[in-house]
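Report on one structure; see the data block that follows.
The values are calculated or read from the model by the stated rules, or taken from the named source; none is laboratory data. The structure presented is a predicted model; accordingly, all values stated were derived computationally and were not measured. So basically every Cβ, Gly included, is an ideal-geometry build from the backbone, and we count neighbours across all protein chains shown. SASA here: full protein model, heavy atoms, side chains in, ligands and nucleic acids out. Shrake-Rupley method; radii C 1.70, N 1.55, O 1.52, S 1.80 Å.
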Amino acid sequence: VYTMKIVLYLGVFTPKTSKCIIAFTKPFAKVNTMTNLETLLKEMTLEEKAALCTGAGPWTTKPIERLGIPGMIMSDGPHGVRRIPNEYTWEGDALPATCFPTAACLASTWDADLMYTLGQALAKEAIALKVDVLLGPGINMKRSPLGGRNFEYFSEDPFLAGKMASHLVNGIQSLGVGTSLKHFAANNQEYRRFSINAKIDERTLHEIYLAAFETVVKNSKPWTVMCAYNKLNGYYGSENYHLLVEILKKKWGFEGMVISDWGAVHDRVAALAGGLDLEMPGPNDRRVKAVIEAVQNGTLDEGTLDESVRRILATVFKAAQTPKGGTFDQTAHHELARQIASEGMILLKNIGILPLNKPKQLAVIGAAAKQAHFQGGGSSHINPTIVSEPLAAIKHFADGAVITYCEGYTEKENYDQVLIDEAVNQARSAEVALIYIALPLEKDSEGIDRSDLDLTVQQIALIQAVCAVQPNTVVILNNGAPIVMGEWINAPAAILEAWTMGQAGGDAIAEILFGKVNPSGKLAETFPRKLSDTPAFVNWPGSHREVNYGEGIFIGYRYYDTKDIPVQFPFGYGLSYTSFAYNNARLSATSIKDTEKVAVLIDVTNTGKMAGKEIVQVYVHDKKSVLIRPQKELKGFAKVALEPGETKSVSIPLDFSSFAYYHPDHDRWITESGEFEILVGTSSRNIHARLGLTLESTLQLPSTLDISSTIFD
């Protein structure tokens, strides 16, 4: 028996509101969910079908009591459940939930299995909080490090983003909670995000901005896909037939429903015709009436409306099969958040100071040590169950050391010499100084792109002044996207990238600093030396309501490595407290057809004195191609745990997709016969082994190009 929440609004007046909300439940008639959809569809009136395609409130679909159709509750994500208590209103604080690290940190773990575990934890919390669909993950590419929402997205690389997100989706949906893959597509900036027209050629679109979506849709079958606000090649994401129907539903075979980002629909009839099934939020009687009139006057085929209703009903009843309510283990999930944070943090620099060896006096400096900067701003903001204070964690692990604290800077960007002088005095008398630096919230927030890649003037001056008197200084960074360090990178003895680290990140930092955990994170995005080096620099953020993706397929390391541009830290980079040796690199075959698989094998040995985890990365280089390709592309990775002196043989598979690129003339992914180089390394710039492979393409393609003058070596 399904139940729904009926909300009545009565006209009573109070100082704060003119509405009194009374909620009660009423049983529905039992419906045979999946097998009776067609019968149910025939029984629905035009008015009911139109109403079902627009939400009944900010967080729920339209229930239809007459036919036993329940509502479906959705909640913001993607790194936690932001459940507003009443799904029919915008009002009220979100219920407490675990704030896990944001996607920037998640991707830096390079641990797909850990993403599955995270997904199941998110699902358990969604079930406890009576949520049917979690609005995430977000997998847009990090075209520029200036993107205001980059902390919510995984990577600059579609292979890494696709694999991590696919495992996360699998974990969530394994327990009967739906996901909403977002934002489809090309939501890469906040500037004019509601109206900007992203101009992207078809090859770049498929290879870079759609590739991760394609991976997740085909491998993990998310229940829903959320359209983006922006236009893509002249059409809003909510009305883009080429994107939503021709590519997503027909070419990729997506069987779920397409929902709008909240407020992304401009024309409800055009959106239905363009493949948008569900408009959120609601209610919106004007939109419903427009759909009814369009069917009645023949401007909208009722079959198109029926297709959207069919997809919505299938998702609603799938969600209803999972009983909701109960509790979740807050302590266990907090511990999982700590584990993920520690696996995603990256040791960027270490000149012999870390791990700390029982220091007698520590100077802890920086506002972020007291007020943990653990998530970004905007719709993903979670009400955490508990927050680990970084300073308290240091005191716990410092084993009786004398610890002083000073603020060093404030959230505002004002310069304050008094705060710097206080920090210098404390650092001078300490054995080690720990500087906690967090970007101001406006530099890590949905709705606002960053204007630069710098820390504040106060923060830079603080680092330089403290390091001048205390060479044993460690800088801990809390940020959701790369920063440049040109002015101060040589000053500290160590730099730890701690990201927007989730509610347990304070403990994770302390465990790494004191060697309880060996850092194993690797960068999922390049840290450039300066903003003007970035691939999209001359085309960012666009003008006249349009942005041209003129860099094409060359974003992130694809650009820096092909152009041989020096970077601050390369894609895939990260240090450890131990060392690893790579030996006996080999392929399972040196010549294959593109219908076959090949394994890349290499022996990895922990040559240090501490247990640790290494991330083996496999890149593919096409020696000769009809269309120009990047110098290398990530096509495989594995995270391996090793005890001191232990050796493991790592095997990483490659298949058709590892060698293919998207050819716009053929409107598909193709391979070409020829020679490839398989690169095994620890970053895109640190390659340990190069292996030759001959590929035979079995594709029978019509000749549409005169390739005699277009071969690229």
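For the reader, a short list of remarks on this structure follows.
- Scanning residues 5 or more positions from K635 or on other chains, those with amide H under 5 Å from its amide H are V618, Y619, V620, with H placed 1.01 Å from N in the peptide plane.
- Pairs from K593/K648; K251/K624; K613/K635 whose Cα-Cα separation, in the structure shown, is over 25 Å: K593/K648; K251/K624
- For the stretch 595-713, carbon and sulfur atoms together expose 50% of the accessible surface, with a 1.4 angstrom probe and every protein chain in place.
- Rounded to the nearest 500, the 222 nm mean residue ellipticity of the chain from helices alone is -7000 deg cm²/dmol, with -39,500 (n - 2.57) taken per DSSP H run of at least 4 residues.
- Within the stretch 642-699, GluC sites (Glu not before Pro) in DSSP loop having at most 14 other beta-carbon neighbours inside 10 Å: E646
- By accessible area, using a 1.4 Å probe on protein heavy atoms only, the stretch 472-558 has 44% of its surface on carbon and sulfur.
- Along the stretch 346-356 the Karplus relation, 6.51 cos²θ - 1.76 cosθ + 1.60 evaluated at θ = phi - 60°, assigns HN-Hα couplings of 10, 7, 8, 8, 7, 9, x, 8, 9, x, 5 Hz to successive residues, with x for each Gly and Pro.
- Translational diffusion of the stretch 462-618, estimated by Stokes-Einstein from the Kirkwood radius over alpha carbon pairs at 37 °C in a medium of 0.692 mPa s, is 172 µm² per second.
- The eigenvalues of the Cα gyration tensor, multiplied by 5 and square-rooted, give the stretch 137-250 an equivalent ellipsoid with semi-axes of 21, 16, 13 Å from largest to smallest.
- Where the alpha-carbon atoms of the stretch 117-173 are placed on the principal axes, they occupy 37, 22, 14 Å, in descending order.
- Protein accessible area in the stretch 277-356, 1.4 Å probe - carbon and sulfur %: 47
- Other-chain or far-sequence residues with amide H under 5 Å of F569's (modelled H): F527
- Built amide H within the under 5 Å cut-off of R668, gap 5+: H663
- Under Karplus coefficients 6.51, -1.76 and 1.60, residue-wise ³J(HN,Hα) of the stretch 58-70 in Hz, glycine/proline x: x, 10, 9, 7, 7, x, 10, 4, 3, 10, x, 9, x
- Among the helices of the chain, those built from whole DSSP H runs whose Cα atoms reach 15 Å or more along their own axis and whose mean Kyte-Doolittle hydropathy is at least -0.5 are 112-128, 158-173, 285-296, 302-320, 417-428, 457-469.
- Our coupling estimate for the stretch 657-674, obtained by passing each phi through the Karplus curve with A = 6.51, B = -1.76, C = 1.60 and θ = phi - 60°, is 5, 6, 10, 8, 9, 8, 9, x, 5, 9, 6, 6, 6, 10, 10, 10, 5, x Hz, Gly and Pro reported as x.
- Heavy-atom accessible surface of the chain, averaged per residue, reaches 37 Å², computed with a 1.4 Å probe.
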